Amino acid sequence: MSDRNPVARARAIMAINNGYFRSKVLQSAVDLGVFDLLAAGPATAEEIRDRLDLRHRLLREYLDAMVDMGLLEREGVLYRNSADAAEFLVSTSPTYLGGTASQHARLHYHAWGRLADSLRDGHAKSDVRPEGGTQAFVEFYEDAERARRLMQHVDAHNTFMADELVRHFDWSGHRTFTDIGGARGNLAARIVMANPHLRANVVDLPALEPLFDELMANLGVADKVTFHGGDFFARPLPVTDVVVIGHVLPDWPEAERTDIVKRCYDAVRPGGTLIVYDALVDENLNDHDTLLRRLNSTMIRDDHQPFSVEECHELLKEHGFQPERCFVSDTIAHDHVLIAHKPE
């Protein structure tokens, strides 16, 4: 039995119950533009109210809550971004996390609001849940602004994964790589920026090409990263030295998952490499954050299937790859990274 008193134990339960208070303060501050406003310099509560056209009578309490949460700092009557907010929550930052905060506010938060319904009927509750597989994303990307918001969410994660792949994989003996389901090319671009001798391909749906072109131009790698628009189930993948595939395999049933791995094998040159990164089931890594992230995937898409480290190893071996190593990445989601070799 716990040695804490009943009030302390009750508070611990209520802290779980009220956890969304903190997330909604962060998400609303991103959407309102608080951090971007303060990136230009400190401001009083009244200046913030006027510049953002806010009317709530408890605005000062709202800002002070962010001070206590470590998002803002206050000196006298002036508020400024904390160092963490300046690094991660200002939209011009290369490590911007505001996109993922907005995505959780618009999509994930509402899906989780129907968790009990999802557990009863077994279906995701977001608006990215048609049974049409790839068609789910085709329909989602029809709205260009919605696609842009999703790309900001994706980039918030894969920026850190790109850093991990640069640190933990020796790219010096390779000339080309292909990112399957590579969104608007952020991961590919950052790997190329760290390894200027590389050339990269990104395979994803055609609707993302304008966002890809925009980002590659901004990052200065338009001549080194090429977009291949199309359904990766319906066309051969570019032949390459290395294939990278992240956050794709668990989104598909076994038959499609197998097809993807076969296509990757055909695309990798003899002696080349397949790199898989994903939130894989691992009996040695079952903390509540990891378990909740897995559950989140099933709240967004019906197609998402549990997929373990052992199953991934076996799938790769079954179709010709030789797994070499697996490690847990130092990223936001602590994804597993599996590296496999194609024999000469």
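The values are calculated or read from the model by the stated rules, or taken from the named source; none is laboratory data. The structure presented is a predicted model; accordingly, all values stated were derived computationally and were not measured. In this analysis, Cβ positions are derived from the backbone assuming ideal geometry, glycine residues included, and neighbour counts consider all displayed protein chains. Keep in mind that these areas ignore ligands, DNA and RNA; they rest on the heavy atoms of the full protein, side chains included. Shrake-Rupley method; radii C 1.70, N 1.55, O 1.52, S 1.80 Å.
Rounded to the nearest 10 degrees, the angle from helix 144-168 to the longest Cα principal axis of the chain is 70 degrees.
Placing a pseudo-label 7 Å from each Cα along the Cα-to-Cβ vector at A8 and Y109 gives an inter-label distance of 3.3 nm.
Measuring nothing but how far apart in sequence close Cα pairs (under 8 Å, 6+ apart) lie, relative to its length, the chain scores a relative contact order of 13 percent. Here's the list of lysines a cross-link from K24 could span, going by alpha-carbon distance under 22 Å and ignoring same-chain residues fewer than 8 apart: K125.
Sequentially through the stretch 327-344, phi angles give Karplus couplings (6.51, -1.76, 1.60; θ = phi - 60°) of 9, 8, 6, 8, 10, 4, 9, 6, 4, 6, 10, 10, 10, 10, 10, 9, x, 4 Hz, Gly and Pro residues having no value and appearing as x. Values (1) 67, 53, 37; (2) 62, 47, 37; (3) 53, 50, 40 are given for comparison; Cα extents along the principal axes in Å, derived from the coordinates here, is the one labelled (1). Angle of helix 288-300 to the longest C-alpha principal axis of the chain, folded into 0 to 90 degrees and rounded to 10: 80°.
Accessible surface calculations at 1.4 Å, restricted to protein heavy atoms, place the stretch 228-344 at 44 Å² per residue. With a Förster radius of 51 Å, plug the Cβ-Cβ distance of E344 and A144 into 1/(1 + (r/R0)^6) and report the FRET value to the nearest 0.05. Efficiency for this residue pair is about 0.70. Extension gain for the segment R325 to L32, taken as residue separation times 0.36 nm less the Cα-Cα distance, is 101.1 nm to one decimal.
To the nearest ten degrees, helix 6-17 and the longest principal axis of the Cα atoms of the chain are 60 degrees apart.
Surface composition of the stretch 222-295: carbon and sulfur make up 52 percent of the accessible area, probe 1.4 Å. The helix-only estimate of mean residue ellipticity at 222 nm for the chain, built from DSSP H runs of length n ≥ 4 each weighted as -39500 (n - 2.57), is -14000 deg cm²/dmol after division by the residue total. Would you kindly find the accessible area of E256, with a 1.4 Å probe and non-protein molecules such as ligands, DNA and RNA excluded, rounding to the nearest 10 Å²? Ignoring ligands and nucleic acids, E256 comes out at about 70 Å².
Sequence-ordered 3J(HN,Hα) estimates for the stretch 233-241 from the Karplus curve with 6.51, -1.76 and 1.60 and θ = phi - 60° stand at 7, 10, 8, x, 7, x, 5, 7, 7 Hz, glycine and proline given as x.
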